[in-house]
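Below is one structure; the comments refer to it alone.
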Amino acid sequence: MTQKYKQVINEIRHGNSFLVASHVNPEGDAVGSLLSLTLGLKGLQKDVTAYLYDPVPKTFKFLPFADKVVNKIDENKIYDAVLVVDCGQKDRLGEDFGKIKNRGKLINIDHHATNDRFGDINVIDADACASGEMVYDLLKEMPVSITRDMAINIYTSILTDTGSFRYSCATPKAFGIAGEMLKLGANPWDISQRVYESNPVNKLKLLASVLDTLELTNDGKVASLVVTLDMLNKANATKEEADGFVNYARTIEGVEVGVLLREAKPGEYKISFRSRGRIDVAEISQEFGGGGHMNAAGCNIKGNLKDIKEKVISATEKRIHGTVSI
Ligand SMILES: [Mn+2]
């Protein structure tokens, strides 16, 4: 056994009842890593509850075991350990998480470099392309075989967090695990149709109005998009339907950083940053209390749109102009 997961495996071996959780606004890696780990523990005959504060997004409902995820914490249940995947900060587990009365160790398994190590046991691997890759590594060290259901979850984690194997985190290891998951029964065309080609028409209507908000800085290096609650209402769309829209800002030639400002509630915006690789947007997010990865990060800011936009764009421009060779 490698040292990396030794403590985690020890807790799993000696416990019976586990809660597995991931972050609010879950995306493919949050759901896929949550479910693959849950299924792995079930394979070891453990009593496991998979918990998310928010419902599983419609797009990821096809994932095996997604229908068993609970959105309410059973406060009176005793958990021998709580395992958290893909979550950089404890407050991203949602406000109900603190209600757990009786639990053993809090185990934090994540690949965000900005993870604040909130667990009693922390395994942080910023080189992993997805938390699903870390779950794969962990399962490989346990006496459990990866089933087709686990493989579909792990494949979807890796597919979504590597941007369909396009990002720099799409390492040979990521491709290797993906290949192994195909051998175990994950079907790439079926999964990509469900993840990328099952858009509700409202999502495209929302996209039309969001693209209309596109603005570029004078030097063309920062592109921003805005999603307001009013736009969501008019398109009859949910906030999840705006997930990924930030990538359109980055696709523009010459743009170094794409920014999307989404009104989370009146007076509060969720900011997403996407970098082309030369600007560390995790650092920009951290300035505003958020976090993430070098090329993909986010934060929440309270205030009005105009002020927030100015602050965020100027912080981004400062990074760009403070960085040589751009
Ligand atoms: Mn992730």
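Structure notes:
- Exclusive hit being at pLDDT 95 or above and within 20 Å of THR251 (Cα to Cα), set LYS183, LYS203, LYS140: LYS203
- Close contacts from the range 77-96, counting a first residue that is open to solvent by 50 Å² or more (accessible area, probe 1.4 Å) and a second that is among the aromatic types (Phe, Trp, Tyr), with Cβ to Cβ under 8 Å and a gap of 6+ residues or different chains, come to ASP80/PHE18; LYS90/PHE97; LYS90/PHE118; GLU95/TYR53.
- Verdict on GLU317 being in a loop (DSSP other than H, G, I, E, B) and more than 27 Å from PRO26 (Cβ to Cβ): no
- In the range 149-167, residue farthest from the ligand (Cβ to nearest atom) [restricted to those that are of a type in the set (Gly, Ala, Ser) and open to solvent by less than 10 Å² (accessible area, probe 1.4 Å)]: ALA151
- Whichever residue in the range 52-89 is under 15 Å from the mean Cα position of the chain (by Cα) and of a type in the set (Asp, Glu) and, among such residues, is nearest to GLY28 (Cα to Cα): ASP86
- Residue in the range 46-56 that is open to solvent by 60 Å² or more (accessible area, probe 1.4 Å), within 16 Å of the ligand (Cβ to nearest atom) and assigned to a loop (DSSP other than H, G, I, E, B) present: no
- Counted residues, the range 122-148 - those being within 14 Å of the ligand (Cβ to nearest atom) and of a type in the set (Ser, Thr, Tyr): 2
- Condition check for PHE60: within 21 Å of GLU241 (Cβ to Cβ) and of a type in the set (Phe, Trp, Tyr): yes
- When residues in the range 111-127 are screened for being open to solvent by 80 Å² or more (accessible area, probe 1.4 Å) and closer than 18 Å to ASP80 by Cβ, 1 of them pass.
- The requirement of being touching a Ser or Thr at 6+ places or on another chain (Cβ under 9 Å), more than 14 Å from the ligand (Cβ to nearest atom) and open to solvent by less than 10 Å² (accessible area, probe 1.4 Å) is not satisfied by TYR5.
- Taken over the range 18-59, residues that are among the polar types (S, T, N, Q) and more than 25 Å from ASP91 (Cβ to Cβ) amount to 1.
- Condition met for ILE279 (crowded, with 19+ Cβ neighbours inside 10 Å and assigned to a loop (DSSP other than H, G, I, E, B)): yes
- Test result for ARG274, of a type in the set (Lys, Arg), open to solvent by 30 Å² or more (accessible area, probe 1.4 Å), more than 20 Å from ASP161 (Cβ to Cβ) and not in a helix (DSSP H, G or I): no
- Within the span defined as the range 49-65, every residue fails to be more than 30 Å from SER192 (Cβ to Cβ) and among the charged types (D, E, K, R).
- Test set (1) closer than 30 Å to LYS4 by Cα; (2) surrounded by 14 or more Cβ atoms within 10 Å (Cβ to Cβ) - GLY179 fails condition number: (2)
- When the range 8-36 is filtered for residues that are under 16 Å from LYS58 (Cα atoms) and open to solvent by 10 Å² or more (accessible area, probe 1.4 Å), the ones remaining, listed by number, are VAL24, ASN25, GLU27.
The values are calculated or read from the model by the stated rules, or taken from the named source; none is laboratory data. These numbers were taken from a predicted model, which means no experiment stands behind them. For neighbour counting, all protein chains shown are included, and Cβ atoms are generated from backbone atoms with ideal geometry for every residue, glycine included. Just so you know, the surface numbers come from the protein's heavy atoms only, side chains and all, with ligands and any DNA or RNA stripped out. Shrake-Rupley method; radii C 1.70, N 1.55, O 1.52, S 1.80 Å.
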